[in-house]
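Beneath this line is the structure, given in structure tokens, with notes to follow.
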Amino acid sequence: MLAAIGLYGVTAFLVVRRTREIGIRMALGAATGNVVWLVVREVLLLVGIGAAVGLPAALTLTRLLASQLYDIAPGDPNTVVMATLGIAAVAALSAYIPARRATRIDPVTALRYE
């Protein structure tokens, strides 16, 4: 839950900072879906990079924490896959909501933003 709140907060902040850019894209005729996909794609790229770096580190550290895990083998594939997919789903949703909200802003208002 803490990761979900953090991802949403960071993504919402990044989208607010790009409101003017999104307004320009919308004013030039970009489709709403393309603008939303632009933001979601960037967040999913970051999640992919984080998973590529974090999974090997997590699997290495589980050997150190094996004595504290109850009824879970270190490196249990089901747990690792479900946690990774859960974070990816939360990241996609946390990117979609602010991006969708930003595309609903009138382009003229977005251009005057800041």
Report whether or not residue 78 is farther than 22 Å from residue 4 by Cα, part of a helix (DSSP H, G or I), out of contact with any strand residue (DSSP E or B) (no Cβ under 8 Å at 6 or more places or on another chain) and not hydroxyl-bearing (Ser, Thr, Tyr). no
Sort out which residues of the stretch 41-53 are more than 11 Å from the chain's Cα centre (by Cα) and exposed (fewer than 15 other Cβ atoms within 10 Å of the Cβ), and write them in order of number. 49, 52, 53
Residue list for the stretch 61-75, filter: part of a helix (DSSP H, G or I) and either of a type outside the set (Ser, Thr, Tyr) or modelled with pLDDT of 85 or more (or both): 61, 66, 68
Read through the list (1) within 12 Å of residue 102 (Cβ to Cβ); (2) modelled with pLDDT of 85 or more, then give the number of the only condition that residue 28 fails. (1)
Within the stretch 15-30, residues being touching a residue at least 24 places away in the same chain (Cβ under 8 Å) and either assigned to a helix (DSSP H, G or I) or loosely packed, with under 12 Cβ neighbours inside 10 Å (or both) number 9
Residue among 55, 38, 93 that is touching a Ser or Thr at 6+ places or on another chain (Cβ under 8 Å), modelled with pLDDT of 85 or more and in a helix (DSSP H, G or I): 55
Filter result (part of a helix (DSSP H, G or I) and among the β-branched types (Val, Ile, Thr)) within the stretch 96-114: 97, 103, 108, 109
Specify the residue that is farthest from the chain's Cα centre (by Cα); the eligible residues are those in the stretch 83-114 that are within 17 Å of residue 34 (Cα to Cα) and among the basic types (Lys, Arg). 104
Could we say that residue 36 is surrounded by 14 or more Cβ atoms within 10 Å (Cβ to Cβ) and closer than 16 Å to residue 103 by Cα here? yes
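The values are calculated or read from the model by the stated rules, or taken from the named source; none is laboratory data. Values in this document were obtained by computation on a predicted structure and should not be read as measured data. We place every Cβ from the backbone using ideal geometry, glycine too, and count neighbours over all the protein chains shown.
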